[in-house]
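Asker: This is the structure I want to talk about, given as structure tokens.
Derivation of every value follows stated rules applied to the coordinates shown; laboratory data play no part. Worth saying up front: this structure is predicted, and the values here are computed from it rather than measured. Positions of Cβ are generated from backbone atoms using ideal geometry, with glycine treated the same way; all protein chains shown enter the neighbour counts.
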Amino acid sequence: MTDIATNTPELAAGTAVKGRSLWATALMRLRRNKAAMVSLLILILYIFAGISGPMLSPHHYATVYPEYVRVPASLEAYPRAEEIIPQAESVLTRTRLQIDAIEVNGNTLHVEASSEREIDPRMTRYLERSDIFSNVRIVETSGDSRSVVMEADVERLRFLFGTDANGRDLLARILVSIRISLMIGALATGVALIIGVAWGATAGFLGGRVDNVMMRVVDVLYALPFTFFAILLVVFFGRNVVLMFVAVGAVEWLDMARIVRGQTISLRRREFVQAAEALGVSSGGILRRHIIPNTLGPVIIYMTLLIPKVILLESFLSFLGLGVQEPLTSLGVLISEGARNMRSAPYMLIYPSIALTLLLFSLNFLGDGLRDALDPRDR
Amino acid sequence: MSAERIFDIRNLHVTFDTPDGRINAVRGVDMHVNAGETVAVVGESGSGKSQVMMAAMGLLASNGRAEGAVSYRGQELIGLPKNRLNRIRGAKITMIFQEPMTSLDPLYTIERQISEPIMVHGGLSPSAARRKALELLKLVHIPDPERRLKSYPHELSGGQRQRVMIAMALANDPDLLIADEPTTALDVTIQAEILRLLAELQKKLGMAILFITHDLGIVEAFADRVYVMQSGEVVEEGTTRQIFTRPAKDYTKMLLAAEPEGSKPPVQDDSPVLLDAKGVSVTFTAGGGFLSRSAFELKAVQDVTLSLRAGQTIGIVGESGSGKSTLGRAILQLLPSDGRVVYQSVPIQGLDRAGMRPYRKNLQMVFQDPYGSLSPRMTVGEIVTEGLLVHEPQLSARERDEAAIKALKEVGLDPIARNRFPHEFSGGQRQRIAIARAVILKPTVIVLDEPTSALDRSIQKQIINLLRQIQKSYGLSYIFISHDLAVVRALADYTIVMRTGRVVEEGPTEEVFRTPKSDYTRALMQAAFNLKEVLSRQAVAPA
């Protein structure tokens, strides 16, 4: 008789084995899916960038650099070396000094100047007035005060992704917009998840008239035009980003409720649910312990598809002026700004677009990977 | 026999690549079939008997690989390109499967299902194909064949669907018919009819039949030669007579000895009545929605009365659709029903979920499907102790864990199992877990709904022994629902035979089995215990 003896050598050995749950199996299968794993990695990088990126970035996302409006993306620092000397010369002409030597050494400007008359040390103010020089100091003065050696710090800034039409660093803005977009995605999806799962599972499990009424409510909400709904919410609650996206989540739960309800109806007829009923488990207990854990597979897959949907929705709302407000920004806003400046500054469109595309791709690939990993037909 | 060897499998290996590594499902199997003979392949589930045929026919799952040689009349089949394989597969070698519903396309009429392959393979005109289809349906004895041509698969019963499948398999005059558990999903009387049909067709058309089954009763009545398979290898082969009278290998002996045996003595007449059900009826209504006023009513159980005494086992026997499972659920108030059910002089009929809760502890149920009745996302420990959460909420997690250890030991499982998940266990082990879940509450009555039907015979026997032992140590009463007469005979001391929702016959088990009074019971007994006689009688006088 083979029944007891077979199956598990570990059992016979008596070692404490931890069961391999369905999730562990799914994770194992996911690990073999390269696209999904790369996506997961990218997603983790995005989350890291969203959380700590704006703190690490050298520029604040709201700082305006008026002299660097729409400078193209470059690895070189601004101002460029060949621009500093003409700038310094033009400023120094106003001091009426004779410039003997002028050179840029890293972040310092080195000027040797002389004059017929005694030089007033206050003339350094002329240099200070320019935006690019700071901390001008006289290093050496000749005995007769007719020639000086001056040094000034040059503030050289790097804009890896260039700056926008207001002279703000695009990299910092993309980092903060990733934060906003991810936050919105997580927030709205979380709200949709909680309402949708609770609503769908209750409707599907109770069935009959309750189910009918609950799903008709869903149908009515479906019929509401979304834009109209969003505008109404803005009218009532004002422009509050968090509230706005709680509201988006409150609209997006409809699909989730339908998915969960369908799952629940098929689960309710399964024998393990009947077995729980025969044990006398209450409806709440059955929902909590039996129905909801078993619907989680499709729910998680739908979630990974809902996040990009919400991110796109946010772009749309922001485009209409209903979403996030300046100086905060989101990927959608950046892209719409980029589209306006496409001819003069294509990098303003390219970088945010790449950021969004990469995010959406990785979410979708991860969703596909999870779907394949959790699909019981493959077992 | 000096007949020509038409189908020859030599040293066949089948491997599957899975995430857990490579699985060798078939390990070096040699088999052959001669023209016109009936060969049976027997083995328990997981012995690789079906995979041999799948590999031979090029039907393996995508992660499977076959190595070795399979030849049909000298033509090598493995590695043959699909278009050439199709000239043999489906024409000279045909297959019928276990589940006739899923083998037929629900969107096409029977006529189209049968005639399309004939038109494609045989190049017949539509009208000729139709004539041929009709002829085939007559050949497999489908009543009213002209009308059936226009039917869809869901309008046919299980037995009729299997007949259609056989008709399709016969369409191109095959040399060899491979039947993979063709009667497992059918009731015993239908099974006997299908087997009779196959035997008759074989006589008429002279094809060979390769019959895959786990049921030794069928093999004995039906086959000329037998291959016994165990874990991917042929352990024994020989003529049916030889295997059944002088089995050489222990495994074969174990299979032969696995028929349920023993019986249960009746309880004393003065033992108290625990559960008394009078005039139980269950009616399902379908349709009758918002707009259509007329609802369709199905009387699943009509006016059934039974009383269960302490320590008694009542066996409820019937074919599918007889309402036996519905009756079991109605008694436990899991379905809305009419009538009067009294548990220990408390009427429990019509109590709602909360009202029933105090009695649920004493009235437990074990379900048929060991794969479906355990929640896949819970550990065995959580499953087994769930009832304690409801009925003894004062217990701490530690005490619950101790109770789980005790219950698992009682059903013969290693307590380490409680950290694992149900999908890691075999069917028999899962059924033990389900029994542990019921026993942990120390109930007085357990309704067992076909607890052994999805299991192999040898595992069945273990479960039967386990149920006996638990009954003895706790003085439990069982209501045992089954279509399997042999199991009921071994376990029950009182038997109720049901048909279409009504009781046909009832009485002490010995009496019912020895001297069945109704024709229906007699037909059931014949099909279950005397298959050979049923088949031979029909072969003499074909219908």
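Asker: Taking residue A:34 as the anchor, which lysines have their alpha carbon closer than 30 Å to its alpha carbon, excluding any fewer than eight residues away along the same chain?
Answerer: List returned: A:18, A:309.
Asker: Now a separate question. Take every DSSP beta bridge whose two residues both sit in the protein assembly as shown, then give the antiparallel share in percent to the nearest 5.
Answerer: 65 percent
Asker: Amide H of residue B:496 versus every other amide H placed in the peptide plane: which residues, excluding those fewer than 5 positions away on the same chain, fall under 5 Å?
Answerer: For residue B:496, whose amide H was placed from the backbone, the distant partners under 5 Å are B:315, B:316, B:317.
Asker: Can you tell me, using C-alpha contacts under 8 Å and at least 6 residues apart, the relative contact order of the stretch A:80-155 as a whole percent? Write down the numbers at each step before the final one.
Answerer: Working: 126 pairs, mean separation 22.2, N = 76.
It comes to 29 percent, rounded to a whole number.
Asker: Under a GNM of chain A (C-alpha, springs under 10 Å), which listed residue has the highest mean-square fluctuation: A:280, A:50, A:167?
Answerer: Result for chain A, Cα springs under 10 Å: A:280 fluctuates most.
Asker: Once you average over the residues of B:366-374, how many Cβ atoms of partner chains fall within 10 Å of each Cβ? Let's see the in-between values first.
Answerer: Numbers: counts 2, 6, 1, 3, 1, 2, 7, 8, 3.
Across B:366-374, the average partner-chain Cβ count within 10 Å equals 4.
Asker: Next up: Using DSSP loop states and a limit of at most 14 other Cβ atoms within 10 Å to flag GluC sites (Glu not before Pro), what is the longest stretch of chain B containing no flagged site? Walk me through the numbers before you get to the answer.
Answerer: Working: sites that count: B:4, B:261.
With GluC sites (Glu not before Pro) excluded where exposed in loops, chain B gives B:262-543 as its longest stretch.
Asker: Which cross-chain or sequence-distant (5 or more) residues have an amide H under 5 Å from the amide H of residue B:238, H modelled 1.01 Å from N in plane?
Answerer: Sorted by chain and number, the residues that satisfy this are B:226.
Asker: Could you line up A:111, A:299 from fewest to most neighbouring Cβ atoms inside 10 Å? Don't skip to the end; give the middle numbers.
Answerer: On the way: A:111 25, A:299 19.
Least crowded to most crowded, the residues run A:299, A:111.
Asker: On a 22 Å Cα-Cα criterion, which of the cross-link pairs B:203/B:532; B:324/B:442; B:204/B:532; B:409/B:472; B:278/B:461; B:472/B:517 come out too long? Walk me through the numbers on the way to the answer.
Answerer: Working: B:203/B:532 16 Å; B:324/B:442 25 Å; B:204/B:532 19 Å; B:409/B:472 16 Å; B:278/B:461 33 Å; B:472/B:517 31 Å.
Listed pairs above 22 Å: B:324/B:442; B:278/B:461; B:472/B:517.
Asker: Give me the inter-chain shielding for B:418-427: mean count of other chain Cβ atoms within 10 Å, whole number please.
Answerer: On the way: counts 1, 4, 8, 7, 3, 7, 8, 4, 6, 1.
Across B:418-427, the average partner-chain Cβ count within 10 Å equals 5.
Asker: Find, among the trypsin sites (Lys or Arg not before Pro) in the stretch A:191-245, those assigned to loop by DSSP (not H, G, I, E, B) with at most 14 other beta-carbon atoms within 10 angstrom.
Answerer: Numbers: sites: A:209, A:216, A:239; in loops: A:239.
The qualifying sites are A:239.
Asker: So, one more: What residues have an amide H closer than 5 Å to that of residue B:448, excluding those fewer than 5 places away on the same chain, when H is modeled at 1.01 Å from N in the peptide plane?
Answerer: Correct list: B:366, B:479, B:480, B:481.
Asker: Got the relative contact order for chain B handy, in percent, Cα pairs under 8 Å and 6 or more residues apart? Display every interim value, and only then the final one.
Answerer: Values: 1029 pairs, mean separation 80.5, N = 543.
Taking the mean separation of contacting Cα pairs over the length of chain B, I get 15 percent.
Asker: Got a sec to turn the phi values of the stretch B:471-480 into Karplus ³J(HN,Hα) couplings, 6.51 cos²θ - 1.76 cosθ + 1.60 with θ = phi - 60°, whole Hz, x for Gly and Pro?
Answerer: Rounded to whole hertz, the list is 4, 5, 6, 10, x, 6, 10, 10, 10, 10.
Asker: Got a sec? How would A:63, A:295 order by Cβ neighbour count within 10 Å, fewest to most?
Answerer: Working: A:63 12, A:295 24.
Ranking A:63, A:295 by Cβ neighbours within 10 Å, fewest first, gives A:63, A:295.
Asker: Which of these, A:286, A:307, A:178, has the largest mean-square fluctuation under a Gaussian network model of chain A (Cα springs below 10 Å)?
Answerer: Taking springs between Cα atoms under 10 Å, the residue moving most is A:286.
Asker: Would you compute, for the Cα atoms of the stretch B:140-206, the largest minus smallest coordinate along each principal axis and list the three values in descending order, in whole Å?
Answerer: Dimensions of the stretch B:140-206 along the principal axes of its Cα atoms: 30, 27, 17 Å.
Asker: State the dimensionless ratio Rg/Rh of chain B (Rg: radius of gyration of Cα atoms; Rh: Kirkwood radius).
Answerer: Numbers: Rg = 25.5 Å, Rh = 25.7 Å.
Computed over Cα atoms, the ratio is 0.99.
Asker: Additional query: What order do you get for A:151, A:271, A:76 when you list them from fewest to most C-beta neighbours inside 10 Å?
Answerer: Numbers: A:151 17, A:271 20, A:76 10.
If I rank by nearby Cβ atoms, fewest first, I get A:76, A:151, A:271.
Asker: Each residue of the stretch A:293-309 in turn: what ³J(HN,Hα) in whole Hz from Karplus with 6.51, -1.76, 1.60 and θ = phi - 60°, glycine and Pro shown as x?
Answerer: With the stated coefficients, the stretch A:293-309 comes to x, 7, 8, 4, x, x, 5, 5, 4, 5, 4, 5, 8, 6, 4, x, 4 Hz.
Asker: Name the most mobile residue of A:360, A:296, A:306, meaning the one with the largest mean-square fluctuation, in a Gaussian network model of chain A with Cα contacts below 10 Å.
Answerer: Result: A:296 has the largest fluctuation of those listed.
Asker: Short version: ³J(HN,Hα) in whole Hz for each residue of the stretch B:510-527, in order, from phi by Karplus 6.51 cos²θ - 1.76 cosθ + 1.60 (θ = phi - 60°), x for Gly and Pro, what are they?
Answerer: 4, 4, 4, 6, 7, 10, x, 8, 8, 4, 5, 4, 4, 4, 4, 4, 4, 5
Asker: While we're looking at this one, here's another question. Of all the Cα-Cα pairs you can form in the protein assembly as shown, what percent are over 41 Å apart?
Answerer: Cα-Cα pairs in the protein assembly as shown separated by more than 41 Å: 56 percent.
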